[in-house]
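Dumping the structure here so I can ask a few things about it.
No value in this document is a laboratory result; all are computed from the given coordinates. This structure is a prediction, so every number in the text was calculated from the model and none was measured. For neighbour counting, all protein chains shown are included, and Cβ atoms are generated from backbone atoms with ideal geometry for every residue, glycine included.
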Amino acid sequence: FKKLKHGDKVNRIFCIALLFIMLFGVIYLIMAMIVPQIVDFIQSINSNVNGFVENIKNQLTSFFETTGWFNNVDIEQMLTDFINKIGESLLTNIPLIADSVSKIIQQTATFVMYFVVGVVISVIMLYKKEKIASFTKRLTYATFSKQKADKICKTARLSDKILYDYTGAKAIEALIVFAIMLPGLYIFKIPYPLVMALIMAIFNIIPYIGSIFAGAIIVIMTIALINVQTAIWIVIYM
């Protein structure tokens with residue numbers, strides 16, 4: 001478009017439009033592929049919570065009896081007590097959970113408004129980024145001494161680089177984890193492999209405990225829906 005009368009402007013507008021088309025295209029694909037599985041996953045658990053919990057208890061009891069571990073312990077009773085404690089804890093916190101869900105629903109409209117405003121602002125900033133950067137720099141040097149302004153600009157550049165590198169690295173790491181986990185989950189025939197791989201990829205962004213928490217979710221689901229032996233293989237694979 002540079003050969004046109006206002007080629008640079010047309011070029012910038014075209015690039016911004018292409019960027020947002022790609023962005024919303026990726027979001028739509030993720031929603032279309034994964035959201036139905038997430039909904040089905042939640043509904044299947046919600047519709048059969050008792051059977052789900054009972055199956056975990058039976059699988060673990062059978063596994064410990066077969067392996068001979070904890071022979072002097074009543075495994076079934078121990079698991080029952082543990083599950084009952086979790087149930088009591090959940091019942092105690094149900095009002096808090098319900099209140100949180102209610103707040104989330106109320107804030108959905110606000111989130112949509114912020115999202116729209118964010119898109120508009122990002123379009124303006126992408127279109128006018130050189131002018132905005134130039135104005136901000138002039139304002140900084142007009143407000144502060146040269147020494148302080150130099151430090152502010154240096155800190156801003158460094159902050160931008162650190163944030164860009166960190167966010168990019170975490171995104172790449174999440175994609176790698178998703179790409180590694182997905183075939184393994186299919187090989188071991190774990191139910192809802194897309195959802196499980198996504199859980200691992202997203203929680204892996206949280207340092208140290210994220211992958212452990214996600215792994216625990218996958219292991220519990222594997223025990224409930226398949227067996228303990230497969231859960232052990234999944235742990236080794238993870």
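At a 10 angstrom cut-off on C-beta neighbours, averaged per residue, how do the peptides 192-200, 118-126 rank from highest to lowest?
Listed from highest to lowest mean packing, they are 192-200, 118-126.
Can you work out the FRET efficiency for the pair Gln37 and Ile13, with r the C-beta to C-beta distance and R0 = 35 Å, to the nearest 0.05? Provide the component values of the computation, followed by the final result.
Details: r = 37 Å, r/R0 = 1.06.
The pair Gln37/Ile13 has a calculated efficiency of 0.40.
State which entries of Lys2/Lys129; Lys5/Lys151; Lys128/Lys151 exceed 29 angstrom in Cα-Cα distance in the structure shown.
Where the Cα-Cα span goes over 29 Å, the pairs concerned are Lys5/Lys151.
Within segment 158-202, report the trypsin sites (Lys or Arg not before Pro) that DSSP leaves as loop and that have at most 13 other Cβ atoms within 10 Å. Walk me through the numbers on the way to the answer.
On the way: sites: Lys161, Lys170, Lys189; in loops: Lys189.
Answer in residue order: Lys189.
Roughly speaking, what is the centre-to-centre gap between segment 169-238 and segment 106-143 when only Cα atoms are used, to the nearest Å?
First find each Cα centre; the distance between them is then 37 Å.
Another question, then. Under a crude label model (7 Å from the Cα following the beta-carbon direction), how far is Tyr141 from Gln229 in nanometres?
Label at Tyr141, label at Gln229, 7.3 nm between them.
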